[in-house]
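S.K.: Okay, here's the structure, questions in a sec.
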2 protein chains.
Amino acid sequence: MLRTHTCEELNISNVNQKVTLCGWLQKNRKLGGMLFVDLRDRYGITQLVFNNERNSELCEIAESLGREWVIQATGTVAERYSKNKNITTGDIEIIVDAVTVLNRSEIPPFTIEDESDGGDELRLKYRYLDLRRNPVKNNLIFRHNLSIEIRNYMNGIGFLEIETPFLIKSTPEGARDFLVPSRMNPCEFYALPQSPQTFKQLLMISGYDRYFQIVRCFRDEDLRADRQPEFTQIDCEMSFVEQEDILQTFEGLIKHIFHKVKGIDIESISRITFEDAMRLYGSDKPDTRFGMSFVELNDKLQHRAFSVFNNSELVVGFVAKGCAHYSRKQLDAFTDFVKRPQIGAGGLVYIICNEDSTFKSSVEKFYSQEDLASVAEKCNAFAGDLILIMSGETKKVRKQLCELRLEMGKQLGLCRAGEYKPLWVIDFPLLEWDDETQRFYAKHHPFTAPKPEHLALMDTRPGAVLANAYDLVINGTEIGGGSIRIYSKELQQKMFSVLGLSTEEAHNQFGFLMNAFQYGCPPHGGIAFGFDRLCAILNDSDSIRDFIAFPKNNSGRDPMLDAPATINPAQLKELGISFKN
Amino acid sequence: MLRTHTCEELNISNVNQKVTLCGWLQKNRKLGGMLFVDLRDRYGITQLVFNNERNSELCEIAESLGREWVIQATGTVAERYSKNKNITTGDIEIIVDAVTVLNRSEIPPFTIEDESDGGDELRLKYRYLDLRRNPVKNNLIFRHNLSIEIRNYMNGIGFLEIETPFLIKSTPEGARDFLVPSRMNPCEFYALPQSPQTFKQLLMISGYDRYFQIVRCFRDEDLRADRQPEFTQIDCEMSFVEQEDILQTFEGLIKHIFHKVKGIDIESISRITFEDAMRLYGSDKPDTRFGMSFVELNDKLQHRAFSVFNNSELVVGFVAKGCAHYSRKQLDAFTDFVKRPQIGAGGLVYIICNEDSTFKSSVEKFYSQEDLASVAEKCNAFAGDLILIMSGETKKVRKQLCELRLEMGKQLGLCRAGEYKPLWVIDFPLLEWDDETQRFYAKHHPFTAPKPEHLALMDTRPGAVLANAYDLVINGTEIGGGSIRIYSKELQQKMFSVLGLSTEEAHNQFGFLMNAFQYGCPPHGGIAFGFDRLCAILNDSDSIRDFIAFPKNNSGRDPMLDAPATINPAQLKELGISFKN
């Protein structure tokens, strides 16, 4: 080893010891005849001291060292005169006898500090330098520790990690696949997996009964902020189970994770049905760190002459506790917020519950004080509270009010970092109707089973069929989702037919799975968690990118590698491929 | 849960307990009025009993169940009359009260037994059924356990598992890349990584100092037996180290693995230089479970009139202990063996050391008994031994004799299953000359550093430069390889230029790495192990396929998925791709 210790290891017990350290020069400063150098490695920082009186030649060399140079220093551990309580090595320093430059460094294009001066794209281009910064480094160490804990837990309860293939077959149902031309099979393509879904089901058919995998997945989607073309999934499947078994098993995993990597003991994970989540929060991934759940007010507000409400499918509001003091300007700002094109609401109605038990409202010319009191009563609003109300088409108005609720939650400081409310959302609908293409799509995926008691509805009212499908939501972010699966060929065929796949298409794409169903397929179900997103949410971050060592930018490019890139003509020729103009 | 216990859990202590089991019907047999059913799951087998007298209706149902049907059975644990000591549940059976068919099964296309009657291609097509067989299942469980042990060990000594990207840039130097057309960047391609080599080096530049990853890699090579287009690597890298540190660190890993998953304590791993390995075994991956090392005999056999030897660059042989009794027919068979086109030798010379201290040889008309005695003396051969000798061009004859040595080792039962001789092969040459293309290729890869003391030779005799590069070999199979890396831009440029890459090509392909070298790159090195092959060798298997859940066949196809496959025209159009005729 080129070093005897790391830059975090030495303390007062090592005084007088001869040591050799290696690392990067974080910074240096002169103080009289002394030169102090902060030497940094993955583990920490140790102060090196060069004394001009003791060895002026060495001191001169040390002065010539630049930031981010890689150096090896040998010297003696000494107690510091003025201690630094912020770092573990703050009690000591190294009186250096010899220093070797292992490698020089150009001046970095941005500062290697916790708060860097580099922009996103520049830091991606020099990702290897960005990775030196503590916040990014700590994220990757967190990710490593999380993966260790997940594997230990899953292994401990009998799950086998089984690797599934990356070069598979394209299945256009669902998101878009990345394709890989096959040189050995001209005109044919492999696809990269969007998830190991069919493989984990095959493993259940093979009898492996408890499978998991931390695995890369790929989706060639138009990228939105915080989507990556490749992402990592914790993929799990179990046999001989019902929904309750899966919820309990993975509640165990979530509790273990919070306990081990956050030191937080989660008592239990609440549950809400999809229908209630939509009704009470306007979202299938509600942030339940705070209340402000929705109250439907059609019965209270559709009996007067206010046509906006009268003509609406749904009138719905929520209470902002203690916000009666909001100024007209503040209230107008909320109206502007919901009228923004991203939200697209027509307007916002407020009712202020005054301390004197009167009510002030933007629609008070339509409603009596008694009307407003009755609304307040239904909303459980009291003196000092503010009621915000919107109306419109049910689906739309819920979504709009959901945005307003989240915005108010943020403004009121109710989305507290460090507080975590995991939540199971259950009883999802099996199918979702798409107006544009005039067909049903699978809400989760085409392998999700309808609830047995809804089987008959498949023919008559497919849109009403519920599934034993569930999402795990933490603080308003979907972290995972899964379902009990179809395990009979006939039901799978019916499902494909409801989704508009012809028998032939279904056979071409999923024939192997439906065949497999005929050879003794056990009842099974599973779940998959987004590993990148789980890392982010556990660190109160919105950005999965910060938890990926080498992420792509929003155009799906890697600015460091400059990938994707053109390839040479010989490679194209080998693949027998050309480009259409 | 649909079951209370697995099919391996119950024993005599559970007698009289009411239980529910789920599993696959392995077989059933009638005995008088009794029907016995072997129920199988991932964990084991439990015997179910149906008594015609007790419940004839139930017995009738049970008789109708077929092989591989999935059933749920509820009943009472009872002590068996005739116990089966071969299985853990052999003391008990279940007197069944109720049985539910969870799913039926067609008759499987091959038997689900330890020795199946299915051919390779059929078993690949129905891989989900093949995976039910114990040998395959045990392999995958072994693989899971091995991965757990590797991760625990690496984590324990401070290595971080960091995921690197799969959608990267093509670097035609080395093996052929699989390419992925980018829809969002027309006419551009990603490549799938052949290994995370450059990323792990970048992580060293980022200061992570101990990295590992169990990771999928891809090579679009013409497949030979036991090669897979996708394979899994244990990829590792360390900073501030010299070769000795890496050898010791990973010797620790290998010892840990053998101890934990095989119960074998490896004392230490021997080392041999590449030069000695070639001289003594004719191979850079010698099987050292047995001796029979080569003895060079030019000095002993080039002084008489035998022109074949006189005209050969190298005359070389080995001793087969106690094989003097081999018949003429056996010896001829060896001659035939080395003359096969795959080996291509001209012939084989033998010297038999008779018990009476005389020698019999196929070339005795050219050599005196004293000549032959002198050969025997140099070879350390004694009465009762057989000496086999070949001659020719050094490189070729070593390879031919190596094949013969391995064949004899097998025939003599010296390649014992369950015996493991890990070996470090060190001091590899940096470069390898290719006669066909008239250029040097990197023996390991272009990032391997020359030994510092050989730096000057880079300009004058590149072929003579040795590298701090090393392979780990177990029983004649290369399990891993690595090296100390280049960490200066200038040396990396020189390396590329020796390999015939223009400055522009080098910049296009590896500019990001060479740039990174300029920002404080520490000395570093690493190693990568073939995970599939490690699994195979630890189970004395030649076939990595048996340790991969869903392998490809020798044409790179997955017969189960029928992949690769044609894609639909809309997908081609989105990619802007067409096929050349």
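S.K.: Okay, which of the range B:237-254 sit inside 17 Å, backbone N to the point 7 Å along the Cα-Cβ direction of B:R271?
M.R.: Correct set: B:241-254.
S.K.: So which lysines pass the test for A:K125, namely a Cα distance under 27 Å, with those fewer than 8 places away in the same chain ruled out?
M.R.: Straight-line reach from A:K125, under 27 Å: A:K27, A:K137, A:K552, B:K169, B:K200, B:K489, B:K494.
S.K.: Could I ask something else about it? Helix-derived [θ] at 222 nm for chain B: sum -39500 (n - 2.57) over DSSP H runs of at least 4, divide by residue count, nearest 500?
M.R.: Taking each H run of at least 4 residues, the total per residue is -8500 deg cm²/dmol.
S.K.: OK, next. Which distances, shortest first and in nm, link A:D435 to the matching position in the other copies, using label points set 7 Å out along Cα to C-beta?
M.R.: 7.5
S.K.: Give the nm distances, rounded to one decimal, from A:H325 to the matching residue in every other copy, measuring between label points 7 Å along Cα toward the beta carbon; shortest first.
M.R.: 10.6
S.K.: Using the basic label-point model (7 angstrom from Cα toward the beta carbon), what is the B:A456 to B:E370 distance in nanometres?
M.R.: 4.7 nm
S.K.: A follow-up question, please. What's the magnitude of the charge dipole for chain A around its Cα centre, counting Lys and Arg as +1 and Asp and Glu as -1 at the beta-carbon? Answer in Debye, nearest 20.
M.R.: Approximately 660 debye in magnitude.
S.K.: Still on this structure, I have one more. Among residues other than B:I148 whose Cβ falls under 15 Å from its Cβ, what is the net charge (Lys/Arg +1, Asp/Glu -1)? Show your work: numbers first, answer last.
M.R.: Values: positive: A:R151, A:R210, B:R143, B:R151, B:K260, B:K262; negative: A:E149, A:E161, A:E163, B:E149, B:E161.
Local net charge: +1.
S.K.: Suppose each label sits 7 Å from its Cα in the direction of the beta carbon; what would the A:D114-A:I95 distance come out to in nanometres?
M.R.: Placing both labels 7 Å beyond Cα along the Cβ direction yields 3.2 nm.
S.K.: Just give me a number: lysine pairs in the range A:290-415, eight or more positions apart or cross-chain, with C-alpha atoms less than 19 Å apart.
M.R.: 16
S.K.: If you don't mind, another one. Loop-only trypsin sites (Lys or Arg not before Pro) in the range A:413-502, please: DSSP not H, G, I, E or B, and at most 14 other Cβ atoms within 10 Å.
M.R.: For trypsin sites (Lys or Arg not before Pro) across the range A:413-502 that sit outside H, G, I, E and B with at most 14 neighbouring Cβ atoms in 10 Å, the list reads A:R416.
S.K.: Taking the Cα centroid of the range B:487-505 and of the range A:409-438, what is the distance between the two, rounded to the nearest whole Å?
M.R.: So the two Cα centres are separated by 53 Å.
S.K.: Ok, one more. Taking square-rooted eigenvalues a ≥ b ≥ c of the alpha carbon gyration tensor, is chain A rounded, prolate or oblate, where a/c under 1.5 means rounded and, failing that, a/b exceeding b/c means prolate?
M.R.: Details: a/c = 2.20, a/b = 1.35, b/c = 1.62.
It comes out oblate by the Cα gyration axes.
S.K.: Let me ask something else about it. Using the Cα centre of the protein assembly as shown as origin and beta-carbon charges of +1 (Lys, Arg) and -1 (Asp, Glu), tell me which of B:G392, A:T335, A:N508 is placed farthest towards the positive end of the dipole.
M.R.: A:N508
S.K.: Still on this structure, I have one more. Using Cα pairs closer than 8 Å and at least 6 residues apart in sequence, work out the relative contact order for the range A:527-581, in percent.
M.R.: 16 percent
S.K.: Would you mind calculating the gained length between A:E8 and A:E377 on full extension (0.36 nm times residue separation, minus the Cα-Cα distance), in nm to one decimal?
M.R.: So the chain would gain 126.7 nm between A:E8 and A:E377.
S.K.: While we're on this one: For the residue pair B:R340 and B:E149, what label-to-label distance in nm results when each label sits 7 Å from Cα along the Cα-to-beta-carbon direction?
M.R.: Between B:R340 and B:E149, the simple spin-label model gives 3.4 nm.
S.K.: Let me ask something else. Stretched out fully, how many nm does the piece from B:C415 to B:E355 gain, at 0.36 nm a residue minus the Cα gap?
M.R.: Full-extension gain reported as 18.9 nm.
S.K.: Return the whole-Å distance between the Cα centroid of the range B:100-165 and the Cα centroid of the range A:1-47.
M.R.: Here the two parts' Cα centres lie 49 Å apart.
S.K.: Now for a separate question. Kindly identify the protein assembly as shown as rounded, prolate or oblate by the Cα gyration tensor criterion: order the square roots of the eigenvalues as a ≥ b ≥ c, call it rounded if a/c is under 1.5, otherwise compare a/b with b/c, prolate if a/b is larger, else oblate.
M.R.: In terms of gyration-tensor shape, oblate.
S.K.: Would you mind pulling out the separation of the Cα centroids of the range B:192-256 and the range A:195-252, in Å?
M.R.: 26 Å
S.K.: Quick check: from the Cα gyration tensor, does the range A:116-168 come out rounded (a/c under 1.5), prolate or oblate? Could you put the intermediate results ahead of the total?
M.R.: On the way: a/c = 5.58, a/b = 1.93, b/c = 2.89.
Verdict is oblate for the range A:116-168.
S.K.: Still on this structure, I have one more. Could you pull the copy-to-copy label distances for B:T394, with points set 7 Å along Cα to Cβ, in nm to one decimal and sorted shortest first?
M.R.: Between copies, matching label points for B:T394 lie 8.6 nm apart.
S.K.: On to the next question. So which GluC sites (Glu not before Pro) in the range A:66-121 pass both tests, a DSSP loop state and at most 15 other Cβ atoms within 10 Å of the Cβ?
M.R.: A:E106, A:E113, A:E115
S.K.: Summed for both chains, how many Å² of accessible area, to the nearest 100, are buried between B and A with a 1.4 Å probe? Walk me through the numbers before you get to the answer.
M.R.: Numbers: alone 29700 and 29690 Å², together 48040 Å².
For chain B against chain A, roughly 11400 Å² becomes buried.
S.K.: Hey, another quick one. Hey, got the dipole for the range A:290-415? About the Cα centre, +1 on K and R Cβ, -1 on D and E Cβ, debye to the nearest 20?
M.R.: 460 debye
S.K.: Taking amide hydrogens as modeled 1.01 Å from N in the peptide plane, which residues meet the under 5 Å criterion relative to B:T477, leaving out close sequence neighbours?
M.R.: Amide H neighbours of B:T477: none.
The values are calculated or read from the model by the stated rules, or taken from the named source; none is laboratory data. Only a predicted model underlies this, so the values are computations on that prediction, with no experimental measurement involved. All Cβ positions, glycine included, derive from the backbone under ideal geometry; neighbour counts span all protein chains shown. For the accessible areas, the whole protein counts, side chains as well, though only heavy atoms, and no ligand, DNA or RNA atoms are used. Shrake-Rupley method; radii C 1.70, N 1.55, O 1.52, S 1.80 Å.
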